[in-house]
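Have a look at the structure below, then the notes.
Taken together, the values in this text are just the output of simple stated rules run on the coordinates, not laboratory data. As the structure is a prediction and not an experimental result, all values here were calculated from the model. Cβ placement follows ideal geometry from the backbone for every residue including glycine, while neighbour counts extend to all protein chains displayed.
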């Protein structure tokens, strides 16, 4: 795998926003949780839509040691976050691998200094929010687990969720 950038999309976005982002980012493929994700927006998405559930059920993935891993150049795109668009048309902000690497080496080490294998974090902000990307990459880069949940659980059942999921 080479040359791809992560572009988080929220299925609750209006069709106009989904269409704008998928066209502006020139998506080559859209990876969704299952067949039903983004179902009401399929008419505005012009790229192939791939289901993670189908991929995991239908494809025998190679052992990690058998994969030829690609080392991206620092100036290549890592992910694109879109602004809210409150001043008009949403704009894509491209973060390069060097940006993420710098954050991971300096900021994340201080912010998440007690995080490591066996730790569990709760992703409490939308995956489309820029700070959530730092939390996701920081958590996963040190071998910790990330707990994902619904907005309803965050609002109504936060304490039981933290206790049940053993979030530290």
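Structure notes:
- Comparing 135, 80, 111 in a Gaussian network model of the chain, where Cα atoms under 10 Å apart are tied by springs, the biggest mean-square fluctuation is seen for 111.
- Unit Cα scatterers, Debye sum, the chain: log10 I(q)/I(0) for q = 0.20 Å⁻¹: -1.57
- Where both bridge residues fall in the stretch 1-96, DSSP classifies roughly 55% of the beta bridges as antiparallel.
- Comparing 43, 99, 68 in a Gaussian network model of the chain where C-alpha atoms under 10 Å apart are linked, the largest mean-square fluctuation is found at 68.
- The stretch 1-96, relative contact order in percent, only Cα pairs under 8 angstrom and at least six apart counted: 33 percent
- FRET efficiency for the residue 149 to residue 102 pair, using the beta carbon distance and R₀ = 45 Å, is estimated at 0.95.
- Label-point separation in nm, residue 55 to residue 42, each point 7 Å along Cα→Cβ: 1.9 nm
- By the beta-carbon count within 10 Å of each Cβ, the least crowded to most crowded order of 89, 110, fewest first, is 110, 89.
- Tail beyond 14 Å, pair distance distribution of the stretch 112-168 (Cα, percent): 52 percent
- Taking 79, 70, 13 as the candidate residues, the one with maximal mean-square fluctuation in a Gaussian network model of the chain, Cα springs under 10 Å, is 70.
- Calculated diffusion of the stretch 1-96, Stokes-Einstein form, Kirkwood radius summed over Cα pairs, 10 °C and 1.306 mPa s, µm²/s: 105 µm²/s
- Dividing the alpha-carbon radius of gyration of the stretch 69-168 by the rule-of-thumb value 2.2 N^0.38 Å gives 1.22.
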